[in-house]
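Encoded as structure tokens, the structure appears first; notes follow it.
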Amino acid sequence: MEEAQILDVARDGIMTMILISAPVLLAGLTVGLVISLFQTLTQIQEMTLVFVPKIIVVFLAVLILLPFMIRQLTELAVRLMDMAVSLP
């Protein structure tokens with residue numbers, strides 16, 4: 001395996017990781033920001049208020065995006081297998 005192929009595998013892995021994790025992280029970030037804004041406006045200083053809605057939204061985002069995540073991982077695995085088979 002040459003350096004270029006190793007870099008391609010690493011780049012594909014990192015891009016797949018970003019594609020899989022970004023939507024879930026953005027959903028959690030958005031909910032956290034909305035709840036924090038609500039807490040600031042109402043002056044509620046309850047620290048645990050953020051966690052329950054964030055956990056629920058992240059769980060729902062994972063459920064909704066699971067087919068997309070599996071498809072991305074499958075495509076990465078197929079590319080890696082094709083690359084492994086084509087090695088001299």
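Here, each number is a calculation from the coordinates, and none is a lab measurement. Predicted model only: the values in this text are computed from it and were never measured. Methodologically, a virtual Cβ is constructed for each residue, glycine included, from the backbone with ideal geometry; neighbour enumeration extends over all protein chains shown.
Some notes on this structure:
- Here the peptides 66-72, 41-47 are ranked by packing, the mean other Cβ count within 10 Å, and the order with the highest first is 66-72, 41-47.
- Degrees between helix 51-85 axis and first principal axis of the chain (Cα, 0 to 90, nearest 10): 0 degrees
- As a ratio to 2.2 N^0.38 Å, the alpha-carbon radius of gyration for region 1-55 is 1.84.
- Think of the chain as having a plus end and a minus end, set by charges on the Cβ of Lys, Arg, Asp and Glu; of 35, 10, 77, 35 sits farthest toward the positive end of this dipole.
- Rounded to the nearest 10 degrees, the inclination of helix 3-42 to the longest alpha-carbon principal axis of the chain is 10 degrees.
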